Amino acid sequence: MKISDIMKKRAAFSFEVFPPKTDIGAEKLMGRGGVLEKLYGMRPDYISCTYGAGGSNADKNLEVLDAVRTLDGVIPVSHFTCVGNTRAEMRKRLGQYLEHGVDHILALRGDLPLGMTGTGGDLHYAAELVRFIRDEFGDAFTVAVAGSPEGHIDCLSPEADIAFLKQKQDAGADFIMTQLCWDTEQFARWMDAVRAAGVTMPVDAGIMPVLDIKGVVNMALSRNGCALPRELCRLISKHWIFDNPFAPTESEESAAAKRAAFREAGTGYTVRLIDRYRAYGVDGIHLYTMNRYEDVTRIVRETGIGNA
Ligand code: FAD
């Protein structure tokens with residue numbers, strides 16, 4: 001079954017995990033009773049695994065996808081990037097995915113490592129990767145591509161970014177997985193612009209659960225430059241945990257209580273965010289799990305998007 005076909009019938013629901021860095025992390029994710037098993041219990045349509053720029057964690061990525069394959073009825077999806085990859089290396093790695101039964105790829109340019117101004121590989125943009133996959137492998141893969149509702153941070157202009165998204169569709173992409181976006185009004189404006197530009201692919205909305213302030217601020221200010229809507233700013237401000245000139249002697253206990261209160265409030269915020277996306281009519285909800293299941297299970301239960 002192809003994810004794009006599922007989305008033609010109903011909204012899909014999925015999770016994202018990353019390749020673990022340690023043996024303990026691997027056991028937690030893939031071991032008996034581990035995170036993957038818990039996620040599987042919620043009956044997602046697919047589970048995707050990220051891919052480190054330059055392929056440094058490519059073997060671990062494949063190990064995770066092999067583990068996902070054993071979950072009956074769940075489609076394994078691999079992220080894959082142009083960074084540091086020659087055509088020959090990409091051909092080999094993509095062929096390996098097919099041999100392992102992984103036939104869904106999220107085709108990305110990749111995050112450029114610090115100090116690099118280009119991919120350092122044979123392909124420079126995601127559209128070229130989509131074309132490469134189609135030229136080399138025909139229809140063997142279902143291909144997803146990234147979409148940036150706020151415009152990619154390096155884009156020439158929002159209009160140019162959408163034109164490049166259209167190029168990915170023209171090159172043979174099947175559906176879009178979006179960058180996280182907390183501003184649903186901006187998301188709606190982007191969707192209108194995307195459709196007006198002739199992009200007809202289904203759109204799967206990426207959701208990063210709002211669980212800790214540092215994670216949210218890091219996501220907003222580092223690579224993506226995401227806008228923080230007023231409602232989220234209010235939550236952060238209310239539970240502020242960084243050095244506070246007005247309370248320089250705040251105890252660790254008090255800071256820990258604020259972190260717990262933020263987690264609680266952030267979970268509610270994430271549930272409302274997903275409700276808004278669903279009311280808008282997106283074709284899927286894709287939850288970033290950060291390789292944990294507890295908070296995600298609660299979010300799935302409270303939104304009713306899966307079996308939790
Ligand atoms: P592209 O579509 O190639 O766009 C990159 C930039 O170039 C944009 O600003 C675009 O406007 C511009 N552009 C495109 N084509 C042209 C052109 N012909 N001429 C001039 N400018 C052009 N990164 C990882 O490294 N590993 C992951 O596992 C990973 N997973 C992700 C999952 C999701 C759901 C998303 C949304 C992103 C993920 N990323 C990952 C991040 C992604 O690699 C970065 O956002 C990257 O900077 C851009 O990737 P892209 O595929 O959108 O690039």
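Some values worked out for this structure:
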read-out	value
Enumeration of residues in region 105-132 that are away from the ligand (no atom under 13 Å from the Cβ) and touching a helix residue (DSSP H, G or I) at 6+ places or on another chain (Cβ under 8 Å)	D122
Within region 195-304, helices (runs of 4 or more DSSP H) holding 1 or more residues that are touching a Gly at 6+ places or on another chain (Cβ under 6 Å) and in contact (Cβ under 8 Å) with a residue 12 or more places away in the chain	294-303
Odd one out for C155 among (1) within 10 Å of the ligand (Cβ to nearest atom); (2) assigned to a strand (DSSP E or B)	(2)
Lone qualifier among L228, L273 - being aliphatic (A, V, I, L, M) and either more than 30 Å from P202 (Cβ to Cβ) or modelled with pLDDT of 95 or more (or both)	L273
From the options D174, D212, residue that is touching a Ser or Thr at 6+ places or on another chain (Cβ under 7 Å) and more than 10 Å from the ligand (Cβ to nearest atom)	D174
Every residue from region 275-301 that is within 18 Å of G25 (Cα to Cα) and within 16 Å of the chain's Cα centre (by Cα)	Y288, T289, M290, N291, R292, Y293, V296
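The values are calculated or read from the model by the stated rules, or taken from the named source; none is laboratory data. All of these numbers come straight from a predicted model, not from anything done at the bench. Every residue, glycine as well, gets a Cβ built from its backbone with ideal geometry; the counts of neighbours run over all protein chains shown.
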